[in-house]
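Each reported figure results from applying straightforward, stated rules to the coordinates on display, with no laboratory input. Just so it is clear, the structure is predicted and the values come from calculations on it, not from any experiment. Quick reminder, even Gly has a Cβ in these numbers, built from the backbone with ideal geometry, and neighbours come from all protein chains shown.
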Amino acid sequence: MKGVNYDTKDYRPRRCDLRNLGTHQGNLFPGNDNGTHNWDHINIDKENHLKEEIIMLRRSNVFMEFCSKADRHDRITINWKGYEVGFRFLIDKDGDGVRSVVITTDLAREMNLSEVELYELARENTPRLFPIKFGGMTEILLGLPDPNEKMFVLTNESGFKGAVAILYPDAMETIKAKIPGHFYMIPSSVHEVILLPDNGDMTEEEINGIINQVNGSVVDPSDQLGDEALYF
């Protein structure tokens, strides 16, 4: 993990001849009758401590994502309004991209975490690991704010698995600052969603027709999130 070097040799005391120390007045180091010493129990304690720290790091790096329609095999998920929320473990994130691994049922079992526990951890971690990014489509794509914007994009600052930002604890407050009324959530891809204010110009059936058309011709199946809009 970037910035963290867990080399187990840092936690293992060096073995040395302690026969003289073992016979020191007061017997500072518990030893055998022959003056030799067994440090195995200390090594085990240190290694257990290392494992505990790694587990804690794992827990702090659990984040959530919306699973694509093609990516739901052998995963622990929870359902949110018809969408499957899965979990990943962040390995590293930098200017070159994001490296992560899917938390499969086996990995979740190894971490001793249930679906509910994973969701609680991820809901806390994800906004910190992947801060929300929200704005008008013109602003997000071109960096040019438009006071008459009719469509908005919700994602995260990395643009990776950003559609799930809709589940962030403060997401609705952020959205309502720019869309005070009702809106449709269009599942653009697993990386972002488009929010369309309900101004009466389009019906839900028309919106869903466009979603299906785009999914069938533009969005890669591995990134497809869903076929129907949600209404808020």
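The HN-Hα couplings worked out from phi for the range 115-129 by the Karplus form 6.51 cos²θ - 1.76 cosθ + 1.60 (θ = phi - 60°) are 4, 5, 5, 4, 5, 5, 5, 5, 5, 7, 7, 4, x, 7, 6 Hz, whole numbers, x standing for Gly and Pro. Annotation for K81 and R128: the two label points, set 7 Å from Cα along the Cα-Cβ direction, are 2.6 nm apart. Between T203 and D92, the FRET efficiency from the beta-carbon distance, with R0 = 41 Å, is close to 0.40. With 0.36 nm allotted per residue and the present C-alpha distance subtracted, the E120-L144 stretch has 5.0 nm of extension available.
Distance from the C-alpha centroid of the range 106-167 to that of the range 176-232: 16 Å, rounded to the whole angstrom. In this rough spin-label picture, where each label sits 7 Å from Cα along the Cβ direction, the Q213-T105 distance is 4.0 nm. If a/c stays under 1.5 just call it rounded; otherwise compare a/b with b/c (prolate if a/b is bigger, oblate if not). Do that for the range 142-189, with a ≥ b ≥ c from the square roots of the Cα gyration tensor eigenvalues. Oblate shape, in that a/c is at least 1.5 and b/c is the bigger or equal ratio. The order of E205, E149, going from fewest to most other C-beta atoms within 10 Å of their C-beta, is E205, E149. The phi torsions of the range 205-222, fed into the Karplus equation with coefficients 6.51, -1.76 and 1.60 and a -60° offset, translate into couplings of 5, 5, 5, 5, x, 5, 4, 5, 5, 5, 4, x, 10, 10, 7, 4, x, 5 Hz, rounded to whole numbers, with Gly and Pro shown as x. Between the residues S189, F89, S100, the greatest Cα displacement towards the positive end of the dipole of the range 71-199, with unit charges on the Cβ of Lys, Arg, Asp and Glu, is found for S189. Extension gain, E157 to S60: 0.36 nm times the residue separation minus the Cα-Cα distance gives 33.0 nm.
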